[in-house]
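Okay, handing you the structure first.
The values are calculated or read from the model by the stated rules, or taken from the named source; none is laboratory data. Fair warning: this is a prediction, and the values are worked out from it, not measured in the lab. No Cβ is skipped: glycine too gets one built from the backbone with ideal geometry, and neighbour counts run over all protein chains shown.
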């Protein structure tokens, strides 16, 4: 007897976006835990993000995926409504209503950072009696930027509009949710303070998983990357992922330590090239550098190349495999959880992470021994952090490949993550099934 799961994930392959990662990694394993998935997504033509057709080979081809059209940006941008969450809301609402009318679903799972669609949960539960789970991959209503003065992504006006919307929509979505899932232990604590009726038992922390299958696919289906030539005789240190002002502290600590090391041993850095790739979420042609200006201020810009525009997922993985060393700077936001750390570990290269001491990434790297991690605290002085980076990384000679404890990595695989996810689903559904309601065959 399988139960039917409706997954709402607007960014879905072949769209290359991090917020479908949990869904994509779960799809190969849901059926073995008794859940039959259906996916509700947006047509890739309406998503302003890179496409990667190989992503469609990472989950079973027979899983039903219903794609809806979103309002075109040429109609919505004049009104300041470029967000995919707003543009896809009518299509997702209509298609979801029809699915729930025509099919018997046991649970709805919203897994996306397009938080506007969370607001459909209360409507569908009230009309169809179906419980739903919200997956908080980032905060929806978030005071980080107001509290720190850091410029938010997209600018203060655009972000302010989104936060006003969140302030009105989040309370009902959270209040009627059957469960709240989060990648960070900080998010449930914030929500419980904000909504006192939300109990600790109503929330679970479950990190994203890593996929060895992605690297297996890459080995059998070679992908060329155009960011650098791994055979040009240089040593290439690589970071692929978002940048931003909240990463300035980690970057400054690293660049100042790098400059100190170069001044002490200039011959060791003559053939070094650092690459920061896909650092902006902005569309092609609108992406701005956020790492190079920091490198410039620290005197190492001659070693740094930044490609702000995002690249397809498997090209990004190929960059990790072609690199000599991997660098991962973290946010100064203690709640920030870098889900991208799992591919970095699976790439099996010398790895340096610089993260806030409260980040869950610190625990992952320490438990697995998959790399060197240097931590900082809120309000850390830059010279102090730079000194620790120097001692932990540059003072020890050439970077060495880690001796990763792979059994310790097993809880962070896609299979383990999905088992935990399904345990949550299994606890929810029986409480909402009436004695006469049968499960879908």
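Restrict the check to the stretch 27-35 and report whether at least one residue is buried (at least 19 other Cβ atoms within 10 Å of the Cβ), modelled with pLDDT under 95, assigned by TED's automatic domain parsing to the domain that holds residue 71 and assigned to a loop (DSSP other than H, G, I, E, B). Let's see the steps before the verdict.
First, the residues of the stretch 27-35 that are buried (at least 19 other Cβ atoms within 10 Å of the Cβ): 27, 29-30, 35.
Those still in the list that are modelled with pLDDT under 95 too: none.
No, the stretch 27-35 contains no residue that is buried (at least 19 other Cβ atoms within 10 Å of the Cβ), modelled with pLDDT under 95, assigned by TED's automatic domain parsing to the domain that holds residue 71 and assigned to a loop (DSSP other than H, G, I, E, B).
So, one more: Does the stretch 322-336 hold any residues that are closer than 26 Å to residue 401 by Cβ and part of a loop (DSSP other than H, G, I, E, B), and which are they? Break it down stepwise before answering.
Of all residues in the stretch 322-336, those closer than 26 Å to residue 401 by Cβ come to 322-330.
Result: 323, 324, 330.
Any residue at all in the stretch 71-78 that's outside any helix (DSSP H, G or I), closer than 14 Å to residue 10 by Cα and at pLDDT 75 or above?
Of the stretch 71-78, the ones outside any helix (DSSP H, G or I) are 71-72.
Narrowing further to those that are closer than 14 Å to residue 10 by Cα: 71.
Going one step further and asking which of them are at pLDDT 75 or above, we end up with 71.
Yes, the conditions are met somewhere in the stretch 71-78.
Restricting attention to the stretch 296-339, report how many residues are closer than 19 Å to residue 19 by Cβ, touching a helix residue (DSSP H, G or I) at 6+ places or on another chain (Cβ under 9 Å) and surrounded by fewer than 19 Cβ atoms within 10 Å (Cβ to Cβ).
Number of matching residues: 0.
Quick grid of which residues meet (1) closer than 22 Å to residue 268 by Cβ; (2) within 20 Å of the chain's Cα centre (by Cα); (3) in the same structural domain as residue 184 (by TED's automatic domain parsing):
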position	(1), (2), (3)
344	no, yes, no
351	yes, yes, no
354	yes, yes, no
359	no, yes, no
376	no, no, no
379	no, no, no
386	yes, no, no
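Regarding the stretch 2-20, can at least one residue be identified that is surrounded by fewer than 16 Cβ atoms within 10 Å (Cβ to Cβ) and touching a strand residue (DSSP E or B) at 6+ places or on another chain (Cβ under 8 Å)? Give the steps one after another, and end with the answer.
Within the stretch 2-20, the first condition is being surrounded by fewer than 16 Cβ atoms within 10 Å (Cβ to Cβ), and the residues that meet it are 2.
Those still in the list that are touching a strand residue (DSSP E or B) at 6+ places or on another chain (Cβ under 8 Å) too: 2.
Yes, the stretch 2-20 has at least one match.
Within the stretch 169-177, is there a residue that is crowded, with 17+ Cβ neighbours inside 10 Å, touching a strand residue (DSSP E or B) at 6+ places or on another chain (Cβ under 7 Å) and not assigned by TED's automatic domain parsing to the domain that holds residue 424?
no
Among the residues that make up the stretch 375-386, is at least one of them in a strand (DSSP E or B) and closer than 26 Å to residue 190 by Cα?
Narrowing the stretch 375-386 to residues in a strand (DSSP E or B): 375-376.
If we keep only those that are closer than 26 Å to residue 190 by Cα as well, we get 375-376.
Within the stretch 375-386, one or more residues are in a strand (DSSP E or B) and closer than 26 Å to residue 190 by Cα.
Just name the residue that is farthest from residue 218 (Cα to Cα) out of those in the stretch 49-65 that are part of a loop (DSSP other than H, G, I, E, B) and in contact with a helix residue (DSSP H, G or I) (Cβ under 7 Å, 6 or more places away or on another chain).
The first filter runs over the stretch 49-65 and keeps only residues part of a loop (DSSP other than H, G, I, E, B), leaving 49-50, 52, 59-64.
Within this subset, residues satisfying the condition of being in contact with a helix residue (DSSP H, G or I) (Cβ under 7 Å, 6 or more places away or on another chain) are 52, 59.
On the way: 52: 13, 59: 15 Å.
Result: 59.
If you check residue 42 against the conditions, is it in contact with a strand residue (DSSP E or B) (Cβ under 7 Å, 6 or more places away or on another chain), within 23 Å of residue 425 (Cα to Cα) and surrounded by 15 or more Cβ atoms within 10 Å (Cβ to Cβ)?
Numbers: in contact with a strand residue (DSSP E or B) (Cβ under 7 Å, 6 or more places away or on another chain): yes; within 23 Å of residue 425 (Cα to Cα): no; surrounded by 15 or more Cβ atoms within 10 Å (Cβ to Cβ): yes.
Answer is no for this residue.
So which residues in the stretch 340-355 are surrounded by fewer than 22 Cβ atoms within 10 Å (Cβ to Cβ) and over 20 Å from residue 216 (Cβ atoms), if there are any at all?
Scanning the stretch 340-355 gives a single hit, 350.
With within 24 Å of the chain's Cα centre (by Cα) and under 15 Å from residue 39 (Cβ atoms) as the only criterion, which of 137, 114 stands out? Even if it seems obvious, please write down each step before you answer.
On the way: 137 fails: under 15 Å from residue 39 (Cβ atoms).
The unique qualifying residue is 114.
One line per residue, one yes/no per condition, for (1) in a helix (DSSP H, G or I); (2) surrounded by fewer than 22 Cβ atoms within 10 Å (Cβ to Cβ); (3) modelled with pLDDT under 95:
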{"site": "95", "(1), (2), (3)": "yes, yes, no"}
{"site": "100", "(1), (2), (3)": "yes, yes, no"}
{"site": "117", "(1), (2), (3)": "yes, no, no"}
{"site": "130", "(1), (2), (3)": "no, yes, no"}
{"site": "141", "(1), (2), (3)": "no, yes, yes"}
{"site": "163", "(1), (2), (3)": "yes, yes, yes"}
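Return the residues of the stretch 187-203 that are exposed (fewer than 14 other Cβ atoms within 10 Å of the Cβ) and within 15 Å of residue 172 (Cα to Cα); say none if nothing qualifies.
Of the stretch 187-203, the ones exposed (fewer than 14 other Cβ atoms within 10 Å of the Cβ) are 193-194, 196-197, 199-201.
Those that are exposed (fewer than 14 other Cβ atoms within 10 Å of the Cβ) and within 15 Å of residue 172 (Cα to Cα): 194, 196, 197.
Also: Among the strands (runs of 3 or more DSSP E) contained in the stretch 207-321, which hold 1 or more residues that are within 24 Å of the chain's Cα centre (by Cα) and within 30 Å of residue 407 (Cα to Cα)? If you could, list the steps in order and put the result at the bottom.
Numbers: elements: 235-240, 272-277, 304-307.
Hits in the stretch 207-321: 235-240.
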